[in-house]
Amino acid sequence: MSPEPKAKPMAAAKSKPIRVIAVTSGKGGVGKTNVTVNLAVVLAKEGRKVMIWDADLGLANIDILLGLKTEFNIHHLLEGKKTLREILVEGPAGIKIMPASSGIQELVHLAEDQKIRLLSELDDFDDELDFLLVDTGAGISSNVMYFNLAAQERIVVVTPEPTSITDAYALIKIMATRYNERRFKILPNMVSGDREAKAVFSLLAAVADKHLDSISLDYLGYIPRDEKLVQAVLRQKTIVEAFPTSSASKSFKEVAKKLLKPSRDASLEGGLKFFGRRILKV
């Protein structure tokens, strides 16, 4: 009897879904974009494949922050003139960046065919990424809500300023009461140290616990005020590259380590297909 033919080996499935994380804030000026690009670079240096979506459509400033030249942007993609691969630019440590376009209409108002085109383009990267970081706009506009709803996880960047804390709570409240989102990672930025960071978190958590039901705020760590950050911005570099031993760089590395650990949010259905389907529904 001739031996049975051996079964062909199955293609290895991606072991973990892509983590889609919105980096957001209740107000501008809290360092949200700096947080996004520095975390992206640290994750990339840890061997992860990372893409940033510059979703702050009114400002489109990631390319400026990193000193990158962008010929095309998401507007060309939505108009069907370019593919996602054609508009992407490469940043430090090999991260990929999807440039924004100032003045573009809010994505929540996109035509159905534009949303489908965007979903189709994202599908092509499903096996090529470990993290998609979405740098949202600040505040509670429909675009900010749009990306926060579509993402699987949310990092809320907040500073010790009372207005920042108040606006961060307003963002969380709307996400919780109108859209039933219950889990948020809180990242105090520009603080003097661990004590001030935890004081900011405790204040925000206390207000949320008092006024919102079944809300979960997770302390992600903190980023300290650091003079080197200003120098890095002037050089159009991330601080983790320009000053890797600075206090802020060390904190970015600690926060990235936490992101690399399994997340309760990431254990749910994830990946770009999940993100894309939610874009279609929003």
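The values are calculated or read from the model by the stated rules, or taken from the named source; none is laboratory data. Since the structure is predicted, the reported quantities are computational estimates derived from the model, not experimental observations. As a convention, Cβ positions derive from the backbone with ideal geometry for all residues, glycine included, and neighbour counts pool all protein chains shown. SASA here: full protein model, heavy atoms, side chains in, ligands and nucleic acids out. Shrake-Rupley method; radii C 1.70, N 1.55, O 1.52, S 1.80 Å.
Do the conditions hold for Lys45, that is, is it closer than 17 Å to Leu133 by Cβ, in contact with a strand residue (DSSP E or B) (Cβ under 9 Å, 6 or more places away or on another chain) and either surrounded by fewer than 19 Cβ atoms within 10 Å (Cβ to Cβ) or of a type in the set (Phe, Trp, Tyr) (or both)?
Against the criterion (closer than 17 Å to Leu133 by Cβ, in contact with a strand residue (DSSP E or B) (Cβ under 9 Å, 6 or more places away or on another chain) and either surrounded by fewer than 19 Cβ atoms within 10 Å (Cβ to Cβ) or of a type in the set (Phe, Trp, Tyr) (or both)), Lys45 does not qualify.
Within segment 67-83, restricting attention to residues that are surrounded by 20 or more Cβ atoms within 10 Å (Cβ to Cβ) and farther than 17 Å from Gly137 by Cα, which residue is modelled with the lowest pLDDT?
Restricting to residues being surrounded by 20 or more Cβ atoms within 10 Å (Cβ to Cβ) and farther than 17 Å from Gly137 by Cα, the top hit is Leu78.
Before we move on, is Ile52 under 20 Å from Gly137 (Cβ atoms) and either among the acidic types (Asp, Glu) or not in a strand (DSSP E or B) (or both)?
no
Can you find, within segment 130-143, the residue that is farthest from Pro17 (Cα to Cα) among those that are aliphatic (A, V, I, L, M) and open to solvent by less than 10 Å² (accessible area, probe 1.4 Å)?
For segment 130-143, the residue satisfying everything is Val134.
Filter segment 84-96 down to the residues that are within 16 Å of the chain's Cα centre (by Cα) and open to solvent by 20 Å² or more (accessible area, probe 1.4 Å) and list them by number.
Matches in segment 84-96: Lys96 only.
Which condition number in (1) surrounded by 20 or more Cβ atoms within 10 Å (Cβ to Cβ); (2) under 30 Å from Arg85 (Cα atoms) is the one that Leu118 fails?
Among (1) surrounded by 20 or more Cβ atoms within 10 Å (Cβ to Cβ); (2) under 30 Å from Arg85 (Cα atoms), the lone unmet condition for Leu118 is (1).
Is it the case that Glu86 is under 28 Å from Val230 (Cα atoms), out of contact with any strand residue (DSSP E or B) (no Cβ under 7 Å at 6 or more places or on another chain) and modelled with pLDDT of 90 or more?
no
Under 8 Å between Cβ atoms, which residue pairs at least 6 apart in sequence (or on different chains) link something in segment 237-261 that is within 17 Å of Ile155 (Cα to Cα) and open to solvent by less than 80 Å² (accessible area, probe 1.4 Å) with a partner that is at pLDDT 95 or above and among the charged types (D, E, K, R)?
Ala256/Glu46; Leu260/Glu46; Leu260/Arg48
Just give me the residues in segment 93-115 being modelled with pLDDT of 75 or more, touching a Gly at 6+ places or on another chain (Cβ under 9 Å) and closer than 25 Å to Val37 by Cβ, in sequence order.
Once the filter is applied, which keeps residues that are modelled with pLDDT of 75 or more, touching a Gly at 6+ places or on another chain (Cβ under 9 Å) and closer than 25 Å to Val37 by Cβ, segment 93-115 yields Ile97, Ala100.
Given the structure, is Ala199 in a helix (DSSP H, G or I) and either open to solvent by less than 20 Å² (accessible area, probe 1.4 Å) or in contact with a Cys (Cβ under 7 Å, 6 or more places away or on another chain) (or both)?
Considered against the rule, which asks whether it is in a helix (DSSP H, G or I) and either open to solvent by less than 20 Å² (accessible area, probe 1.4 Å) or in contact with a Cys (Cβ under 7 Å, 6 or more places away or on another chain) (or both), Ala199 comes out as no.
Out of Tyr146, Tyr169, which single residue is open to solvent by 30 Å² or more (accessible area, probe 1.4 Å), among the aromatic types (Phe, Trp, Tyr) and under 19 Å from the mean Cα position of the chain (by Cα)?
Result of the check over Tyr146, Tyr169: Tyr169.
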